[in-house]
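Here the structure comes first, spelled out in structure tokens, and everything after it is commentary.
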Amino acid sequence: MISFYPGPSRVYDEVPRYVKAAHKKGILSLNHRSEEFMKLYEKTVALMQEKLHVPSDYKVFFLSSATECWEVIAQSLSHESHHIFNGAFGEKWFDYTKKINSAATAHMFDREELLDTSKYNFTSGDLIAVTQNETSNGTQVAVTRIAELAQRHPHHLIAVDATSSMAGIELDFSTADIWFASVQKCFGLPAGLAIMVCSPRAIARALELNETNHYNSFTTLNAMAEKWQTSCTPNVLAVYLLMRVLKDQDPIEIVSNKIIQRFQAWSKLLEVNLALQPLIRNEAARSYTVLAVEMKGGDLGKLKAQAKKSGFLLGEGYGNLKGNTFRIANFPALRRKEIQKLMRFFLGRG
Ligand SMILES: *Cc1c(COP(=O)(O)O)cnc(C)c1O
């Protein structure tokens, strides 16, 4: 079965080999206060800089999930955040934040529209939250627009959920202060680890707020990261796998080109298949890494069952889109042959 689920998703074929190597090297029982772990952390960050172009003055933190990143941001980096979103993940981020900071505000925009930054002029608050790639409906916000938002709000931190795009498309990290992702999407790894990338400005703000009530308070994460350590025993195996995947992977601009070419091929295919069409009609608003497909008439349950029989696991539609849509991951770990096979399956059904 080939998983086209947009997370957890297909992992790289090399993962079993890396796990074996990890076992052999003693990584599975590695003490997280040891010199070896500290070196592994440092090496992984160096690879994030080399392959994903994380700026050298930004810091990288390991957490357990993107959801945890939402919580740490609400806890330790902000008192009043403004959330701009068009789908379920952005909304969930807002909902979690609201429980911690009741002053948080929500600003929804139409999923067919490109984020119009001229509409926002926040005078209150300290942070703006944007979901760069909305996994639920297959839309994305161009990084240039996030940069515009930042320019309009020099006193706010800009936090970006890039869970289903980081390591899939090229992101200019310097345009925002906080970026995060979990590894079960574009990194092609099993779930259980998240990465949070922070600007010097974000770190300075957190130190100013000095929130220290939680095991994952940012001040603690930061103090531990200073010595290449974590606040609790991390998923050391997952960090090792991340290091290995980054090491073997092409630089992000090459990966990004591949993903965009595949996205274009998918868009073309959906134009010729009359029974299926992209949920998002505005091509400029569509995500490169997650395709949301709408079934016009016909039996979606049957289509999914047939796909399963042919060896493809399609992603369910998310939330209230479940009834008439499904999703296809366009993540780097998927192989060209697998994609061609799935395309032929759709074409065969015409
Ligand atoms: C998958 C996803 C999340 C949640 O990730 P977890 O690692 O399960 O917490 C958050 N935001 C977006 C955009 C996602 O795609």
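Values in this text are rule-based calculations from the coordinates and carry no lab data. Since this is a predicted model, take the numbers as computed values, not measurements. No Cβ is skipped: glycine too gets one built from the backbone with ideal geometry, and neighbour counts run over all protein chains shown.
For this structure, a couple of remarks:
- Note on segment 209-278: with charges restricted to the Cβ of Lys and Arg (+1) and Asp and Glu (-1), its dipole about the Cα centre is near 200 debye.
- Toward the positive end of the charge dipole of the chain, with +1 on the Cβ of Lys and Arg and -1 on the Cβ of Asp and Glu, the farthest Cα among 221, 242, 49 is that of 242.
- Computed about the Cα centre, the dipole magnitude for the chain is approximately 1700 debye when only Lys and Arg (+1) and Asp and Glu (-1) carry charge, each at its Cβ.
- Unsatisfied cross-links (Cα-Cα over 23 Å) in the set 247/308; 99/185; 185/258; 20/247: 247/308; 99/185
- J(HN,Hα) series, segment 97-102, from Karplus relation 6.51 cos²θ - 1.76 cosθ + 1.60, nearest Hz, glycine and proline x: 5, 4, 5, 8, 10, 5
- Rounded to the nearest 20 debye, dipole of segment 129-220 from Cβ charges on Lys, Arg, Asp, Glu: 0 debye
- Segment 133-229 - share of DSSP beta bridges that are antiparallel (%, nearest 5): 65 percent
- Kirkwood-Stokes translational diffusion coefficient of the chain, alpha-carbon pairs, 4 °C, 1.567 mPa s, µm²/s: 62 µm²/s
- Gap separating the Cα centres of segment 215-243 and segment 49-76, nearest whole Å: 11 Å
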